[in-house]
Amino acid sequence: MSEGSVNVESRTSSQDKRWTIMAALLGTNTAVMLFQGIEQETNPTPIREVALTIIAATLPFQAIYFLIYTFLLENNGKLSHHMVKKLKTASNICQLFAYISLVGVAMLWYNLSIYVGVVFFISTVFAMILVRYAMMTDEESRDEMKASANEQGS
């Protein structure tokens, strides 16, 4: 197996992990909307209403993420570099909005227990920062990857 194929596998694995996280988030949010929506009808509370509103507002961004992801896979190599860059930026924005749904989940848990809700919210913020930090590549790493790719292509 050449080093080039390892790099491709590692990039694909990273994309698959993002897709898996987004799929889990979409499934969780859909289930929360269903069951908490039923509970809201029988026992309405203002906090649950706001939490469900936040979660509902993020669902379209989660769906758009999957549309962009699928479009990029289906048109791999057919799109201009500029278009791919724009779509990846839109995909990243959709991911950020999807993560905001966790605020709604935290509010629901806060409604159950103030301690659980606050701790979940704080850990969610730190986890989101950590994930975004880990996903961002600094200029030096980008230059190293380009140089490595150019060497392998030669």
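The values are calculated or read from the model by the stated rules, or taken from the named source; none is laboratory data. Predicted model only: the values in this text are computed from it and were never measured. Note that each Cβ is placed from the backbone with ideal geometry, even for glycine, and that neighbours are counted across all protein chains shown.
Considering (1) surrounded by 14 or more Cβ atoms within 10 Å (Cβ to Cβ); (2) at pLDDT 95 or above, say which one Tyr69 fails and leave the rest.
(2)
Restricting to the range 1-37, count the residues that are among the aromatic types (Phe, Trp, Tyr) and at pLDDT below 90.
So the count comes out to 1.
Of the residues Thr58, Thr53, which is assigned to a helix (DSSP H, G or I) and surrounded by 13 or more Cβ atoms within 10 Å (Cβ to Cβ)?
Being assigned to a helix (DSSP H, G or I) and surrounded by 13 or more Cβ atoms within 10 Å (Cβ to Cβ) holds for just one of Thr58, Thr53, which is Thr58.
Which is among the aliphatic types (A, V, I, L, M) and either surrounded by 16 or more Cβ atoms within 10 Å (Cβ to Cβ) or under 24 Å from Ile64 (Cβ atoms) (or both), of Leu112, Leu102?
One residue alone meets the criteria, Leu102.
How many residues are more than 12 Å from the chain's Cα centre (by Cα) and either crowded, with 16+ Cβ neighbours inside 10 Å or touching a residue at least 24 places away in the same chain (Cβ under 8 Å) (or both) if we restrict to the range 87-99?
So the count comes out to 1.
Do any residues in the range 33-50 that are closer than 14 Å to Ala106 by Cα have Cβ atoms under 7 Å from those of residues that are assigned to a loop (DSSP other than H, G, I, E, B) and of a type in the set (Val, Ile, Thr), where the two are at least six apart or on different chains, and which pairs are they?
Close Cβ pairs satisfying both conditions: none exist.
With respect to Ser123, is the statement that it is in contact with a helix residue (DSSP H, G or I) (Cβ under 6 Å, 6 or more places away or on another chain) and in a helix (DSSP H, G or I) true?
no
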